[in-house]
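A short worksheet on the structure shown next.
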Amino acid sequence: MFTARLDGSSLQTATQLAALIPIQLIDAHSFNLLEGGPLLRRQFVDWGVFHVEHAYTKLWRRFQKTLKQRNQLLRHGRIDEDLLTCWVWTAELVPLSEQVSSYRKRYIIDLASYVQTVAGAFDGLGELEIEFYRGWKDDVSLAEIMEAQRQRDVSLGTTSQGAHKADVKVRVNGQPAADTLSRGQIKLLVYALKLAQATHYQAKTSESCVFLLDDLPAELDYHHRHQVIDCLIDLKCQFFVTGVDKGDFTSLVNNCEHTKFHVEQGVVKSD
């Protein structure tokens, strides 16, 4: 266990620390941002909104708490007819869901231009499109959907539509990115998304993210590694890069101030 302090005072929550040190991690699991389920893409969006909209954290927590309460009632079958008629938790959940979705949609619209710019610096990605799905149909209100699906939710024991079902759809040349790109291209696109997010954050706050890049050479040829490093240098941010062969980094960081470390049997030494 460790304690983080700011100006001598201990930070009480991980949220406080996360707000002070925005970290972008890219590792072997980062493919899941495009290939996995919508949860990671929602987390990607929420990371961005959290760091540029101070009111979002409180709103998101209220939404999660209300959703949990509603789902607990649905799962345990303690909803009597009066509560179903009044639909108390739905009345609270609907506006919260709409507000969360509004924040997310504005963020994705704003982020899209940054993604286009960063992706344009990488060769071989094609024409990108980013579409936000809020978690229910655009042409129907959430209140109407929840009323229509009331019995279905009771039967399933969970809330079937809302902001917790949101997703981000990323297409390349009109096709889902995860279905058409190679592994190397998917990793490059993940870099583009994360770098675009960091660029957006910097533009909004005048602060920089810290990048942690695990095994940069994996799946990327030397040319694309250089393009990634060049983008990081342009951001003027701090970044940590790992790899299994220090020869892979020859000339990659020669254009910026850097320090190399070698790890052997758990001992870290400066090269």
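The values are calculated or read from the model by the stated rules, or taken from the named source; none is laboratory data. Keep in mind the model is a prediction, meaning the values are calculated, not measured. Neighbour counts run over all protein chains shown; Cβ positions are idealised from the backbone, glycine included.
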Self-check item: Where Val190 falls short, out of the listed (1) surrounded by 13 or more Cβ atoms within 10 Å (Cβ to Cβ); (2) in contact with a His (Cβ under 9 Å, 6 or more places away or on another chain); (3) of a type in the set (Val, Ile, Thr)
Solution: (2)
Quiz prompt | Residues satisfying the stated conditions in the range 227-265, i.e. under 14 Å from Leu195 (Cα atoms) and of a type outside the set (A, V, I, L, M, F, W, C) | solution = Gln227, Asp230, Asp234, Lys236, Gln238
Quiz item: Hey, any hits in the range 187-198 for a residue that's over 30 Å from Gln69 (Cα atoms), free of Cβ contacts under 8 Å to residues at least 40 places away in the same chain and either under 16 Å from the mean Cα position of the chain (by Cα) or assigned to a strand (DSSP E or B) (or both)?
Solution: no
Quiz item: From Glu207, Glu219, which residue is under 20 Å from the mean Cα position of the chain (by Cα), assigned to a loop (DSSP other than H, G, I, E, B) and surrounded by fewer than 19 Cβ atoms within 10 Å (Cβ to Cβ)?
Solution: Glu207
Exercise. Count, please, the residues in the range 11-48 that happen to be modelled with pLDDT under 65, of a type in the set (Gly, Ala, Ser) and farther than 20 Å from Tyr107 by Cβ.
Key: 1
Self-check item: Any pair with Cβ under 6 angstrom, 6 or more apart, that starts in the range 239-261 at a residue that is over 13 Å from Pro217 (Cα atoms) and basic (Lys, Arg) and ends at one that is surrounded by fewer than 10 Cβ atoms within 10 Å (Cβ to Cβ) and at pLDDT below 75
Solution: Lys260/Asp271
Quiz item: Quick one: would you say Lys165 is in contact with a Phe, Trp or Tyr (Cβ under 6 Å, 6 or more places away or on another chain) and at pLDDT 95 or above?
Solution: no
